[in-house]
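> After the structure tokens below, expect a handful of questions from me.
Bear in mind that the values in this text are calculations on the coordinates, not laboratory data. Please read these numbers as outputs of a predicted model, since none were measured by experiment. Quick reminder, even Gly has a Cβ in these numbers, built from the backbone with ideal geometry, and neighbours come from all protein chains shown.
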DNA sequence: TTGATAACTGAACAGGCATTCACTGCAAAG
DNA sequence: CTTTGCAGTGAATGCCTGTTCAGTTATCAA
């Protein structure tokens with residue numbers, strides 16, 4: 001039988017992911033070498049191939065894992081309530097989730113172009129699933145007369161871009177608490193869409 | 001005296017910039033080699049060094065040129081009129097300018113981390129000058145009672161993120177004209193800030 | 001204690017990298 | 001028609017790249 005206790009692979013595997021995530025977010029996928037990632041983990045470059053088929057797959061797994069976790073977390077939001085309440089919940093969720101994972105969010109936007117065609121399509125499909133959640137809320141609210149939207153699809157893009165933009169400037173040690181932050185953005189979204 | 005007519009440098013120089021811009025936008029700064037850029041122009045790699053000190057400077061010049069052109073164009077907007085009119089002019093300008101220059105906008109966000117510390121600071125200063133223009137409009141409108149803002153600085157970030165986000169999805173051959181686009185976003189901004 | 005094997009090393013492979021530079025060809029100035 | 005010097009070549013420099021793999025180590029099951 002294989003070893004169980006004392007097996008390093010269950011420790012090293014996540015450490016490879018974490019090192020790759022941090023370094024790629026900081027320097028970019030193409031600028032980071034397998035040797036750099038290995039050094040961060042404390043192994044030789046060859047050892048990384050126990051945990052990934054190749055560099056491309058390592059990137060893809062980071063993005064896929066992030067999108068899957070995001071969708072899982074989204075799934076825990078209540079599907080009931082008024083469209084206005086669901087929109088507020090979505091906005092607060094989006095900001096809270098993204099602000100805690102700046103590296104994942106960053107590379108999920110920045111490194112799409114470094115994915116192979118197949119891998120890109122897979123990530124894009126997950127992203128569309130996420131966006132369609134907001135789209136559905138907006139269309140429900142529109143139909144119920146709570147929202148006044150000229151174009152729900154464009155509003156979806158606009159709201160997501162606005163909310164995700166938080167990551168480019170928010171600093172934990174700045175003057176605003178995370179609650180302040182969510183309140184400010186929610187006010188902007190509410191007024192932009194309210195009938 | 002040096003040659004004037006027939007000199008190639010006035011042709012090749014801009015072609016180097018254009019090739020670098022296109023390739024970096026498509027593949028990323030670190031993923032593009034000087035040989036690739038040279039091949040796109042139709043020269044050997046060594047010839048590029050007649051037009052740039054090194055690869056880093058080539059990137060910096062692309063970003064600096066973009067930001068300077070952006071600020072120059074911004075400077076042609078009228079400074080008079082109500083804050084509401086000036087905000088509308090800014091929003092329409094921002095969308096129109098950015099939608100026409102997807103490559104420049106893309107690398108200005110994506111490749112900041114590949115700049116040296118000094119170069120990064122220079123680009124950031126230009127970006128802050130641009131943002132401060134919107135910030136001033138919002139504060140004027142707030143003071144005059146036309147806008148109801150909880151935090152002008154955050155609203156600046158939110159509006160710019162929202163407007164710039166257009167570039168991630170808008171396609172020239174899609175169902176929306178550029179006028180439709182500007183109208184839709186302006187409605188969202190107006191309602192988000194209006195008193 | 002022995003045998004199995006997961007985890008890892010370290011060297012090797014073939015190729016690409018940015019940058020430099022002696023040199024060439026050529027167009028224009030005088 | 002000679003001189004000037006710009007624009008570009010192509011080879012060379014030293015280094016880094018992703019990936020593979022035979023061999024080593026350490027820990028477990030039996």
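> Let me confirm one metric for peptide A:161-167, namely the mean number of other chain beta-carbon atoms within 10 Å of its residues' beta-carbons.
Partner-chain Cβ atoms within 10 Å, mean over residues of A:161-167: 6.
> Would you kindly work out, in nm and rounded to one decimal, the distances from the label point of residue B:75 to those of the same position in each other copy, ordered shortest first, with label points 7 Å along Cα-to-Cβ?
Result, one decimal in nm: 5.5.
> Can you put A:186, A:169 in order of Cβ neighbours within 10 angstrom, beginning with the fewest?
Lowest count first: A:169, A:186.
> Sort shortest first the distances from residue B:176 to its counterpart in every other copy, using label points 7 Å along the Cα-to-beta-carbon line, and give them in nm.
Values, ascending and in nm: 2.4.
> How would you rank A:155-161, B:146-152, A:118-124, highest first, on the average number of other Cβ atoms within 10 Å across their residues?
Put in order of decreasing packing, that is A:155-161, B:146-152, A:118-124.
> Next question. Put a dot 7 Å past each Cα toward the Cβ at residue B:97 and residue A:73; how far apart are the dots in nm?
For the pair residue A:73/residue B:97, the computed spacing is 3.4 nm.
> Okay, next question. Over the residues of the protein assembly as shown, compute the C-alpha Rg and express it relative to 2.2 N^0.38 Å.
1.10
> Modelled label-to-label distance, residue B:179 and residue B:124, 7 Å Cα→beta-carbon offset: nm?
Once both label points are built, they end up 4.2 nm from each other.
> Moving to a separate point now. Any idea what the residue B:116 label distances to the other copies are, label 7 Å down the Cα→Cβ vector, nm, shortest first?
Inter-copy label distances (nm, one decimal, shortest first): 3.8.
> May I pose another question? Kindly give Rg over Rh for the range A:1-98, based on alpha-carbon atoms, with the Kirkwood expression for the hydrodynamic radius.
Expressed as Rg/Rh, it is 1.14.
> Also: Per residue of B:182-191, count partner chain C-beta atoms within 10 Å of its C-beta, then hand back the mean as an integer.
Across the residues of B:182-191, the mean count of other-chain Cβ atoms within 10 Å is 5.
> Using only DSSP helix segments of four residues or longer, with each worth -39500 (n - 2.57), what per-residue ellipticity at 222 nm results for chain B after dividing by its residue count and rounding to 500?
That comes out to -22000 deg cm²/dmol.
> Return the inverse of the average 1/r over all pairs of distinct C-alpha atoms in the range B:54-193, which is the Kirkwood hydrodynamic radius, in Å to one decimal.
Value: 16.0 Å, from the Cα pair sum.
> Using a 10 Å cut-off around each Cβ of peptide B:81-89, what is the average number of partner chain Cβ atoms that fall inside?
If you average over the peptide's residues, the count of other-chain Cβ atoms is 0.
> A follow-up question, please. Normalised by the number of residues in chain A, what is the relative contact order in percent for Cα pairs under 8 Å and 6+ residues apart?
23
> Once you have a ≥ b ≥ c as the square roots of the Cα gyration tensor eigenvalues for the range A:113-172, tell me rounded if a/c is under 1.5, and otherwise prolate or oblate according to whether a/b is larger than b/c.
oblate
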